[in-house]
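Inspection log for the structure reproduced underneath, given as structure tokens.
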Amino acid sequence: MNTQEVANKVVELTRKQAWKEALDTLYSKDIVSVESQAMGGGSPESRGIDAVRGKTDWWINNMQVHSVKVNGPFVAHDRFVVEYDVDATDKNSKQRMQMSEVGVYTVKDGKIAREEFLPHTGKEK
């Protein structure tokens, strides 16, 4: 797949919350995934498909996702960006939260080789 095709598939699968299908079909085994903050006290960077699967399993097991709005993709060359607005509740604390972030993806050999998530931190105008 080319970058546009990978980007379109990411949007399609994340709209359906098909996180594991996205990992299984679109990600390189050597994926590098970078979060804005470490989850559970670890490093914000995960390396390799197994580490990213673990991060995804943590999300599925700990968060009740009420809705995901996906905007994009925005594609150029070997990179694309997708905007995510997530409404979720932490299953442990019962705290509900709304998160907005973009994922910046790099495609190599038809697979996602790197992803980095940047949160919206500014005030609305």
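Remarks
- Selection over the stretch 1-45 of residues that are more than 26 Å from N92 (Cα to Cα), among the charged types (D, E, K, R) and in contact with a Leu (Cβ under 7 Å, 6 or more places away or on another chain) gives a count of 1.
- Within this structure, Y84 passes the test of being in contact with a Gly (Cβ under 7 Å, 6 or more places away or on another chain), under 17 Å from E116 (Cβ atoms) and aromatic (F, W, Y).
- Candidate set: the stretch 69-125, residues that are closer than 18 Å to K9 by Cα and among the basic types (K, R); chosen: the one farthest from the chain's Cα centre (by Cα): K108
- Residues being in contact (Cβ under 8 Å) with a residue 40 or more places away in the chain and among the polar types (S, T, N, Q) - total across the stretch 61-82: 0
- Qualifying residue in the stretch 83-95 (condition: touching a residue at least 24 places away in the same chain (Cβ under 8 Å), of a type in the set (K, R), touching a strand residue (DSSP E or B) at 6+ places or on another chain (Cβ under 7 Å) and under 19 Å from S36 (Cα atoms)): no
- Unmet requirement for Q17, which otherwise passes all of (1) at pLDDT 95 or above; (2) closer than 29 Å to G122 by Cβ: (1)
- Check on A7, among the aliphatic types (A, V, I, L, M) and modelled with pLDDT under 95: no
The values are calculated or read from the model by the stated rules, or taken from the named source; none is laboratory data. Since this is a predicted model, take the numbers as computed values, not measurements. Because the Cβ atoms are built from the backbone with ideal geometry, glycine has one as well, and the counts that use them run over all protein chains shown.
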